[in-house]
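The values are calculated or read from the model by the stated rules, or taken from the named source; none is laboratory data. Not measured: the values here are computed from a predicted model. Neighbour counts are summed over all protein chains in view; Cβ atoms, including those assigned to glycine, are modelled from backbone coordinates with ideal geometry. Ligands, DNA and RNA are stripped out before the accessible areas are found, and what is left, the full protein with its side chains, is counted by its heavy atoms. Shrake-Rupley method; radii C 1.70, N 1.55, O 1.52, S 1.80 Å.
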Amino acid sequence: MKELDVRGLSCPEPVLILQDALKENKNEKYKVLASEAHVVKNITHFANSQGKKTSVKEVGLDFEIIVE
């Protein structure tokens, strides 16, 4: 599983980072670390639109999004 740390970044940058990662290897499983709830919403919406399953877990003040 590859980890993408997008904490502190503003949209659309986190979505673009995931988009680039999926273009590079669409079959990889990703753990995306985010610090803002709206970034979580945008990442999950984008991933789902690409046919990926997502799960979100709060880790302290941050979020962990699994994209597979």
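Based on alpha carbons, the Rg and Dmax found for the chain are 10.5, 30 Å.
Highest mean first, how do 46-52, 30-36, 57-63, 16-22 rank when packing is the count of other Cβ atoms within 10 Å averaged over residues?
Values: 46-52: 14.0, 30-36: 19.3, 57-63: 11.0, 16-22: 15.6.
Top of the packing list down: 30-36, 16-22, 46-52, 57-63.
Taking 0.36 nm per residue of separation and subtracting the Cα-Cα distance, what length does fully extending S10 through E28 add? Could you put the intermediate results ahead of the total?
Details: separation 18, 0.36 × 18 = 6.48 nm, distance 2.39 nm.
This chain segment gains 4.1 nm when fully extended.
Post the alpha-carbon centroid distance, the stretch 49-68 to the stretch 1-34, in whole angstrom. Centre-to-centre (Cα) distance: 10 Å. Compared with the dominant Cα axis of the chain, that is its longest principal axis, helix 13-24 is turned about 30°.
For the set E24, E13, the ranking by accessible area, highest first and with no ligand, DNA or RNA atoms included, is E24, E13 under a 1.4 Å probe. The mean sequence distance of close C-alpha pairs (under 8 Å, at least 6 residues apart), as a share of the length of the chain, puts its relative contact order at 36 percent.
For the chain, the 222 nm mean residue ellipticity estimated from helices alone, with every DSSP H stretch of n ≥ 4 adding -39500 (n - 2.57) and the total spread over all residues, rounds to -11500 deg cm²/dmol. In order along the stretch 34-50, the Karplus-derived 3J(HN,Hα) couplings, from 6.51 cos²θ - 1.76 cosθ + 1.60 at θ = phi - 60°, round to 10, 10, 10, 4, 5, 5, 4, 4, 5, 5, 5, 4, 5, 4, 5, 5, 9 Hz, and Gly and Pro are given as x.
Dipole magnitude for the stretch 1-51: about 180 debye, using +1 per Lys or Arg Cβ and -1 per Asp or Glu Cβ, origin at the Cα centre.
By DSSP, the beta bridges lying fully in the chain are antiparallel in about 75 percent of cases.
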